[in-house]
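Novice: This is the structure I want to talk about, given as C-alpha cells.
Each reported figure results from applying straightforward, stated rules to the coordinates on display, with no laboratory input. Keep in mind the model is a prediction, meaning the values are calculated, not measured. Please note: Cβ atoms are built from the backbone with ideal geometry, for glycine as well, and neighbour counts cover all protein chains shown.
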Amino acid sequence: MKKLIAPIILAGLAVGAGYGFKISTESHAGVRPQAVAPREPNILRFAPDAPQLVYLHIAPVAAGQVPALEPLQGHVAYDEDATSRITAPIAGRVTQIRAQLGDHVTAGQALLALDAPDYAQASADVRRAESDLHLKRTAYERARTLLDGGVLARKDFEIADADLQQAGIELDRARARLRNLGPAGNGGFVLTTRVSGVVTERQVNPGSEVRPDGASTLFVVSDPRRLWVNVEVPEKDLGKIHESQHLRVEADAYPGMSFDAVVLMVGKVLDPATRRVVVRCRVDNREEKLKPEMYVHATPLGGGVTLPHVPNDALVTEGLQSFVFVERAPGVLEKRRVTLGYRGHEDSYVASGLNAGERVAVSGALLLNAELAGS
C-alpha cells in the first residue's frame, strides 16, 4: 500500500508545479516593461509641490558696471556750494522766529526779527549822510555861481567841490552798511536768507541775545537734493580713483537701493594716521532720501564695462570652477559653469556663461548641489 501512495504524491506535485508555472507565465505575458527616461547630466527636475522648492529663491540676473574697488566707507555731508550758515551781522535780542526746522525758504525770506540798536544807528547814519550831501550840494552850487560872477576865488570853489565829493562817498558807505545788515521790519532788524532751500538747523530761540561774533550759527539753509559724499580711499588704491569717476552709493537705511555719485575732487593730503585720502563726491539725491551725516558704502566703478552680476550665495565653487543653477523651466534647474570677471564681498560679476535676464537660484544653491550629487 505504501508503494502505491508514493507515486501518487509525486504525480500530484508534478501536476501542481506545471499549473503554477502556467499561471506565472500567463500573468507576466500581458505586462510590458516601462522604459526609464535617461537622466540628463547637471539637470534637476522637481514636481510643482516638491518640498525643496520652499528653500529656493529664484530671481532674474541684472547687469551692472564692474566695480574698480571693493565698497569704501563714506559719510554724507552738506554740499557747501548750496548751503548757507547764517549768523547775525549785528547784536540784538530776538523778538520773533519766522522760520522753523524743515521749512522751505526762498532767497530774501525772513528768518527772525531782532531788536537791534545798532541797526537804528546805521539807519540814522544814512539819514545824516543824506542831509550832509544836500547841504554840501547847495554850497557847491552857490560857489559855482560866485565863481562865474568873479566874486569867489577858484581855491574856495575847489574846496566846495571836494566837500561835495566827500559827502557823496560817505552816503554811499552808510547805505552799503545798512544794505549789508538787511531790511527793516516793524521798526526792527530782520535776518534773511541769501539762498533758497530747507531750514535744516536752528540754534536760536525767542528772547535770545545774539552777536556777530557768536560761536554758533543761527540757521543752516541748504538744498537737500544736493549733497556730498566724502569717501576715505586707502593709499594703495589711489591709482584707481580719478575725477568724474562714477560710484554706486548704498545706505543701510535703504536695502536694495543705490544712488549714483560722481567724484568731484581727490584729496591732496594723506592722513598719516589712517593712510587714507578723502575723496569728495556729488551724489544724486533728488528723492531726498539721504541725510547729512549718514554713513554709506561707496563702490567706485571702472571703465564703463557692464556684466551680469549675481549674489555670492548663488555661486557653487568646486576647486577653481564656479557654477550657478539656472532655471530652464518651472521646476527644472541646470547647473551651469560660469567664468567670473570680478568677485566682491557680496556680488560677483560673470564674464561668460550667463546672460542678463536669465533666472538663477540666488539662495539654496548649496542644497541644489547636494541634491544633484545625491541623485
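Novice: Taking the chain as a Gaussian network, Cα atoms linked when under 10 Å apart, which of Q121, Q65, Q109 shows the biggest mean-square fluctuation?
Specialist: Q121
Novice: How high is the FRET efficiency from V332 to K289, r the C-beta distance, R0 30 Å, rounded to 0.05?
Specialist: 0.15
Novice: For semi-axes √(5λ) of the Cα gyration tensor in Å, pick the label among (1) 53, 20, 18; (2) 32, 28, 20; (3) 94, 23, 17 that corresponds to the value derived from the coordinates.
Specialist: Matching entry in (1) 53, 20, 18; (2) 32, 28, 20; (3) 94, 23, 17: (3).
Novice: When the helix-only estimate is applied to the chain (DSSP H runs of n ≥ 4, each -39,500 (n - 2.57), divided by the residue count), what is the mean residue ellipticity at 222 nm, nearest 500 deg cm²/dmol?
Specialist: -9000 deg cm²/dmol
Novice: Something else: Rank L264, L135, L69 by mean-square fluctuation in a GNM of the chain with C-alpha springs under 10 angstrom and give only the top-ranked residue.
Specialist: L135
Novice: Once you place label points 7 Å from the Cα toward the Cβ at L101 and A62, how far apart are they in nm?
Specialist: In this crude label model, L101 to A62 measures out at 3.3 nm.
Novice: Simple spin-label model, 7 Å along Cα-to-Cβ: K240 to S196 in nm?
Specialist: For the pair K240/S196, the computed spacing is 4.2 nm.
Novice: Follow-up. Run the numbers for E40 and A370: contour at 0.36 nm per residue of separation, minus the present Cα-Cα distance, in nm.
Specialist: 117.2 nm
Novice: Another question, then. Which helices, taking whole DSSP H runs in the chain, have alpha carbons extending 27 angstrom or more along the helix axis plus mean Kyte-Doolittle at least 0.5?
Specialist: In the chain, the long hydrophobic H runs are 2-29.
Novice: Hey, in the GNM for the chain with a 10 angstrom Cα cutoff, which one of R137, R194, R225 fluctuates hardest?
Specialist: Comparing R137, R194, R225 in a Gaussian network model of the chain, the most mobile one is R137.
Novice: Quick check for you: which residues of region 277-308 have the amide N under 17 Å from the point 7 Å beyond the Cα of A351 toward its beta carbon?
Specialist: 302-308
Novice: Could you calculate the FRET efficiency of K155 with Q121 from 1/(1 + (r/R0)^6), where r is the beta carbon distance between them and R0 is 45 Å, rounded to 0.05?
Specialist: Calculated transfer efficiency: 0.80.
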